[in-house]
Amino acid sequence: MKLNLKRPLAFFDLETTGTNIGADRIVEISVIKLHPDGSEEVKTWRVNPGMPIPLESSLVHGIYDEHIKDEQLFKALAQDVADFIGVSDLAGYNSNKFDIPMLMEEFLRAGVLFNLDERHFVDVQNIFHQMEQRTLKAAYQFYCDKKIVNAHSAEADTRATMEVLLAQIERYENMEWEDKKGNITVPVVGDVEALHKFTNLSKPVDFAGRMVYNEQGEELINFGKHKGKRVEDVFNVEPSYYSWMMQGDFPLYTKRKLEEIYQRWNGKKAAERQAKAAAQPKPAEQQAPKPEAPKADYPKKEFHKPDHTKTQYPPKPFKKKDEPAKPVNEDMLQQLALKFKKG
């Protein structure tokens, strides 16, 4: 059966820096535009996200910072993407929950109008999940060709689960499986340790998945603003994050694992402080003051106070302060005349 299209259907997929729609960014977008006449148009854009790509994301899609450092930001490409999609309906895998909301976030940030009204959205994953149900009942029917008697009673469901596992080991014996990195293995075997690894590919630290292990076995935050960051690195830049999680509405086991990490981090910090203190130079020991060198016995200079009783010059006549001058009279003129009279 062929698709009966009244207008183009744009299949698209995004590769991103992460799965947080509000915080993460697109690093690649590819669109296959299927026209009603059966013809196709294909366009792919690499995008500079304007932020570092976490290693965990790069390991999934193979796009690293050096691959997009010279590419344009989405804001510069947004109008081209919108024009290419045009009035097409949209299709993708898990697109209703992730790709469409993420694309709309980028369009809104770029200020480019992209109207979702009147469009149809086809999510291929939803068809898969609804037609091939992933319930225990469906698995029991698929693997064991049986129906559960007394479904949802604990013993009946437990026995069905055991039988499904045994049937899976038999069905997938020697069947190869390829992971996201292209590694091919035979994962479903009669070995519990191997089955543990295969059924915990996300490597959760706390089962709730709030923290996960990276390839080096280090714990990463797996939600919120610090998603993809090492837990210890988060403690370094925001020590209060520990208290926020411990007081928040998180599972007790999550808090228990977080406390283990915090105690280990605290121990490292204490050791670093001790090492730093030991490396600092110790203050010099206080020494007894050195005796002062004897001073030279120079002859003392004698200083004499001036003797104001002996004067070399006749003292100036004493004039009482503010004493008014006497008026000149005849006797004074005669005395002056006799004094300066030539002999």
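Quickly run through the stretch 77-104 and pick out the residues that are acidic (D, E) and out of contact with any Gly (no Cβ under 7 Å at 6 or more places or on another chain).
D80, D83, D89 - these are the residues of the stretch 77-104 that are acidic (D, E) and out of contact with any Gly (no Cβ under 7 Å at 6 or more places or on another chain).
Out of the helices (runs of 4 or more DSSP H) lying entirely within the stretch 79-166, which hold 3 or more residues that are at pLDDT below 95 and surrounded by 15 or more Cβ atoms within 10 Å (Cβ to Cβ)?
100-110, 136-144
Does at least one position in the stretch 70-77 carry a residue that is more than 28 Å from the chain's Cα centre (by Cα) and outside any loop (DSSP other than H, G, I, E, B)?
Checked the stretch 70-77: no residue is more than 28 Å from the chain's Cα centre (by Cα) and outside any loop (DSSP other than H, G, I, E, B).
Looking at Y213, Y172, Y241, Y253, which is the one that is aromatic (F, W, Y) and under 23 Å from G22 (Cβ atoms)? Even if it seems obvious, please write down each step before you answer.
Numbers: Y213 fails: under 23 Å from G22 (Cβ atoms); Y172 fails: under 23 Å from G22 (Cβ atoms); Y253 fails: under 23 Å from G22 (Cβ atoms).
None of the others qualify; the one that does is Y241.
Evaluate the stretch 222-241: report whether one residue or more is on the phi > 0 side of the Ramachandran plot, touching a residue at least 40 places away in the same chain (Cβ under 8 Å), out of contact with any Pro (no Cβ under 9 Å at 6 or more places or on another chain) and in a helix (DSSP H, G or I). Before the answer, list the steps.
If we filter the stretch 222-241 for residues that are on the phi > 0 side of the Ramachandran plot, which is where we start, we get 224, 228.
Checking the rest, the ones that are also touching a residue at least 40 places away in the same chain (Cβ under 8 Å) come to 224, 228.
Narrowing the set further to residues that are out of contact with any Pro (no Cβ under 9 Å at 6 or more places or on another chain) leaves 224.
Subset that is in a helix (DSSP H, G or I): 224.
Scanning the stretch 222-241, I find at least one residue that is on the phi > 0 side of the Ramachandran plot, touching a residue at least 40 places away in the same chain (Cβ under 8 Å), out of contact with any Pro (no Cβ under 9 Å at 6 or more places or on another chain) and in a helix (DSSP H, G or I), so the answer is yes.
Of all the residues that make up the stretch 176-192, how many are closer than 21 Å to S58 by Cβ, part of a loop (DSSP other than H, G, I, E, B) and without any contact (Cβ under 8 Å) to a residue 40 or more places away in the chain?
3
The values are calculated or read from the model by the stated rules, or taken from the named source; none is laboratory data. The shown structure was predicted, so the numbers you read here are calculated from the model rather than taken from an experiment. Neighbour counts run over all protein chains shown; Cβ positions are idealised from the backbone, glycine included.
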